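Only one structure is covered here, and it is reproduced in the block below.
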Amino acid sequence: MTTAIDSNVLQNLGINAKQTSEEDKNKIGQEQFLKLMTTQLQNQDPFKPMESGEFLGQIAQFSTVTGIQDLQKSFETFSTSMVPNQGLQAAGLINRNVLVPADYLPLTEEGLSAAVELPDAATKVNVSVYNSTGQVVHNFNLGALGQGVSRYQWDGTLPDGTQAPLGGYKIAVDAQINGENIAVKNYADLPVESITFGGNGSEVNVNIRDLGSRKFSDILQIS
């Protein structure tokens, strides 16, 4: 049985009852909690004392809440400390090529550089190139490829021998694996030009040439 504590008792303990109930009722320190528990034991009905299980349960609840709060603070501190380290790593990527997921890739004077990631070995890998209106302008076969990441390039030459206009193209890749034709993830293979920190300062973004800003965590591979 839990006995109510008079407001005068709280004031004698140095706890403002009004402030606790209205302004900060969700915040109570460990020292205040122990004082309240001691007072509760001293003022309980001796003929109907609080059961030990109930008493221990209250302590366990407080310990759990305190532990979770401490853990949250630890993770926040760890996350904050990781940002500068991540920034240093990202800074080392400037002018280096990285692989990031991308369905739309730029065709430049140097061609189009990309990569595919296969979950298993494929007997055939087909690449389809779409223009801005959604029309297929080119299809080419990469042949048989092993499991993992494989890079490829397209110089922009169309089936009729003409050169495709420079600009962005949608790329779709499918592979024949274990007798089934499945879609596989495509990656852009482009250099990092600069890095920026997110608006809240909690993440690092890499600015990739002709592709834009991507999260540091999006990078699959560095070359």
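Looking across segment 143-166, the residues that are farther than 21 Å from Thr133 by Cα, assigned to a strand (DSSP E or B) and touching a strand residue (DSSP E or B) at 6+ places or on another chain (Cβ under 6 Å) come down to Ala144, Leu145, Val149, Ser150, Arg151, Tyr152, Gln153.
When Ala175, Ala183, Ala188 are screened for being under 27 Å from Arg96 (Cβ atoms) and either in a strand (DSSP E or B) or modelled with pLDDT of 95 or more (or both), only Ala188 passes. Taking the criterion of being within 21 Å of Ala115 (Cβ to Cβ) and among the hydrophobic types (A, V, I, L, M, F, W, C), the residues of segment 149-187 that qualify are Val149, Trp154, Ala164, Leu166, Ile171, Ala172, Val173, Ala175, Ile177, Ile182, Ala183, Val184.
On the stretch given as segment 98-124, residues that are among the charged types (D, E, K, R) and either in a strand (DSSP E or B) or at positive phi (or both) total 2.
Restricting attention to segment 149-172, the residues that are over 18 Å from Thr108 (Cα atoms) and surrounded by 12 or more Cβ atoms within 10 Å (Cβ to Cβ) total 3.
The residues of segment 112-139 that are closer than 22 Å to Thr157 by Cβ and exposed (fewer than 14 other Cβ atoms within 10 Å of the Cβ), listed by number, are Ser132, Thr133, Gly134, Gln135, Val136, Asn139.
The values are calculated or read from the model by the stated rules, or taken from the named source; none is laboratory data. Nothing here was measured: the structure is a model prediction, and the numbers come from that model. Every residue, glycine among them, receives a Cβ derived from its backbone with ideal geometry; neighbour counts consider all protein chains shown.
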